[in-house]
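Below is the structure I would like to discuss, written out as structure tokens.
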Amino acid sequence: QRIAVILAAIALTGFIYVFTHYTRTGLAFRAIAQDERTALTFGMDSDHIAALSMGFGSALAAAAAVVVLPLGTIAVEGGYDVLLNALAVCIVGGLGSTVGILVASVLIGYAQTITANYLEPHWMMLVSLIAIAIVLCIKPSGIFGHQKELEERI
């Protein structure tokens, strides 16, 4: 079961990368995210792209739920741990950096596993919060994020 989850995660990550880098819609997603005003001057419909993006994200969430469901139960109130981990991975890796997000997910996952093995399992979420705090203090753009792009967006 866990191997199937890992393979599905790798396949979904590859699909997202190919979709956002080699399809017209994926390039439109990236263009709107990077600079909406410039994308609008090129004739992109930001409302349409936003709706497609919402649908794409919902489809990914549904695919993740289907893959993870055999490992245990899914409840509405059970998503806070996943949300905190996803937020930590995005902040630590750097928004817009696929490699950074992959590296951050491995680092945070290993840190949480070590914490659960040598301390108590309920301290695992503290690892994510500490990682967020350290990265925001040292390099707010993330490990693989670009400071120049962050300054341009602000």
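The values are calculated or read from the model by the stated rules, or taken from the named source; none is laboratory data. From a predicted model like this one, the values you see are computed outputs, not experimental measurements. Neighbour counts run over all protein chains shown; Cβ positions are idealised from the backbone, glycine included.
Which pairs do you get when a residue that is modelled with pLDDT under 90, found in segment 109-125, comes within reach of a residue that is not small (Gly, Ala, Ser), reach meaning Cβ atoms under 7 angstrom, with the pair 6+ apart or on two chains?
123/115; 124/112; 124/115; 125/81; 125/84
Looking only at residues that are farther than 27 Å from residue 30 by Cα and aliphatic (A, V, I, L, M) in segment 75-102, which one is surrounded by the most Cβ atoms within 10 Å (Cβ to Cβ)?
Taking the candidates together, the pick is 75.
Which of the residues belonging to segment 65-91 are over 19 Å from residue 126 (Cβ atoms) and touching a residue at least 12 places away in the same chain (Cβ under 8 Å)?
67, 68, 70, 71
On to the next question. Can you pull out the residues in segment 36-74 that are at pLDDT below 90, exposed (fewer than 13 other Cβ atoms within 10 Å of the Cβ) and polar (S, T, N, Q)?
38, 41, 73
With among the aromatic types (Phe, Trp, Tyr) and closer than 23 Å to residue 129 by Cα as the only criterion, which of 17, 22, 80 stands out?
Every option except 80 fails the conditions.
Tell me, which helices (runs of 4 or more DSSP H) lie completely within segment 30-123 with 3 or more residues that are under 30 Å from residue 138 (Cα atoms)?
Those helices (runs of 4 or more DSSP H) span 80-93, 98-118.
Additional query: How many residues does segment 49-64 hold that are without any contact (Cβ under 8 Å) to a residue 24 or more places away in the chain, of a type in the set (A, V, I, L, M) and within 22 Å of residue 10 (Cα to Cα)?
Final tally of qualifying residues: 4.
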